[in-house]
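The values are calculated or read from the model by the stated rules, or taken from the named source; none is laboratory data. These numbers were taken from a predicted model, which means no experiment stands behind them. In this analysis, Cβ positions are derived from the backbone assuming ideal geometry, glycine residues included, and neighbour counts consider all displayed protein chains.
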Amino acid sequence: MSTFRSGFACFVGRPNAGKSTLTNALVGGKIAITSSKPQTTRHAIRGLVHRPDGQLVLIDTPGLHKPHTLLGERLNALVRTTWSEVDTIGMCLPANEAVGQGDKFLIRELAQITRKPVFAIATKIDLVKPERLRDHLLSIQAAGAEAGLTFAEIVPVSAVAGEQVDLLAELLVATLPEGPALYPEGQLTDEPEETLIAEIIREAALEGVRDELPHSIAVVVDEMVPRADRPDDKPLIDVRVNVYVERDSQKGIIIGKQGVRLKVIGSNSRAQIEAILGTPVFLDLHVKVAKEWQRDPKQLRKLGF
């Protein structure tokens, strides 16, 4: 009988390296928000990969970066704590970008972790030609050697095209300790529904906004309650949500002219929220100003950081 393995892995990489998209591809469902804006991920969301030979619990960490705020420092601390707790680590290096100083900084950090396998994952290979990919793989190998880090494997993948995603899952599972499944079959994440819903709304709010805004948006689900006067066969859940920004001018950007932008955020989020809850929802969105919340320990606590 073949051995069953179970354990934890996390993806690291500089912001926007394709970590969340890869997590979603491996899990086979959307659990991590993806956005072209760096610093989109703020929570270590766990995704569950079920295979006949094992179960992999994926932790999708925020990108490690040079912190400019208290929030930034807390996100970096979260990344390092996660590294120390997982069984195996995958570093994402997008094939459409050169291996840069940020990547080399991360590789040097990872070289200090000696007792666990580190995989180099060349993401977004659907965006480059074969010769560009070959050069990218060679430069990953060279950067590892320079830092004194021997990668367990260098694996090229495309999460969008589904290329080599299955192979990556197989390689990661092979590094895990022997043991029973940690979660029930079919479950995709252990995140509470409120967290997933808040992240979906934040993703919708990030679409098409200027660069200074992503860091300033926080979303909190205030309450989710079934509408009392509805018959059993036609349920409706009221979902009340506060979207926090740091300044009045940002509030105006989120709401948009005559509330048009807020309506778009609501309609873009609703279908995904209904898919998670399995029932129609009435989404009640409010935009509030929490001045300079990223730098204020009390407000950070209130907003869940």
Legend entry - Matching entry among Leu56, Leu48 (being touching a helix residue (DSSP H, G or I) at 6+ places or on another chain (Cβ under 6 Å) and either aromatic (Phe, Trp, Tyr) or at pLDDT 75 or above (or both)): Leu56
Inset, instruction - Can you work out which of the residues in the stretch 73-93 that are of a type outside the set (A, V, I, L, M, F, W, C) and crowded, with 18+ Cβ neighbours inside 10 Å is modelled with the lowest pLDDT? - result: Thr82
Inset, instruction - Could you grab me the full set of residues in the stretch 286-298 that are within 23 Å of the chain's Cα centre (by Cα) and buried (at least 18 other Cβ atoms within 10 Å of the Cβ)? - result: Trp293, Gln294
Legend entry - Matching option when the condition is in a helix (DSSP H, G or I) and within 25 Å of the chain's Cα centre (by Cα), among Arg301, Arg240: Arg301
Legend entry - Which numbered condition Glu73 fails, given (1) in contact (Cβ under 8 Å) with a residue 40 or more places away in the chain; (2) under 30 Å from Gln299 (Cβ atoms): (1)
Inset, instruction - Confirm whether Gln272 is exposed (fewer than 15 other Cβ atoms within 10 Å of the Cβ) and not small (Gly, Ala, Ser). - result: no
Legend entry - Complete set of residues in the stretch 1-32 that are assigned to a loop (DSSP other than H, G, I, E, B) and modelled with pLDDT of 85 or more: Thr3, Phe4, Gly13, Ala17, Gly18
Inset, instruction - Assess whether Val260 counts as being surrounded by 12 or more Cβ atoms within 10 Å (Cβ to Cβ) and of a type outside the set (D, E, K, R). - result: no
Inset, instruction - Kindly indicate whether Gln272 is modelled with pLDDT of 80 or more and farther than 15 Å from Ile217 by Cα. - result: yes
Inset, instruction - Taking the residues in the stretch 163-179 that are part of a helix (DSSP H, G or I) and among the β-branched types (Val, Ile, Thr) as candidates, determine which candidate is nearest to Thr123 (Cα to Cα). - result: Val165
Inset, instruction - Considering only residues that are free of Cβ contacts under 8 Å to residues at least 60 places away in the same chain and β-branched (Val, Ile, Thr), look in the stretch 116-151 and name the one that is surrounded by the most Cβ atoms within 10 Å (Cβ to Cβ). - result: Ile125
Inset, instruction - Test each condition in (1) under 13 Å from Ala198 (Cα atoms); (2) in contact with a helix residue (DSSP H, G or I) (Cβ under 8 Å, 6 or more places away or on another chain); (3) among the charged types (D, E, K, R) for Arg261 and report the one that comes out false. - result: (1)
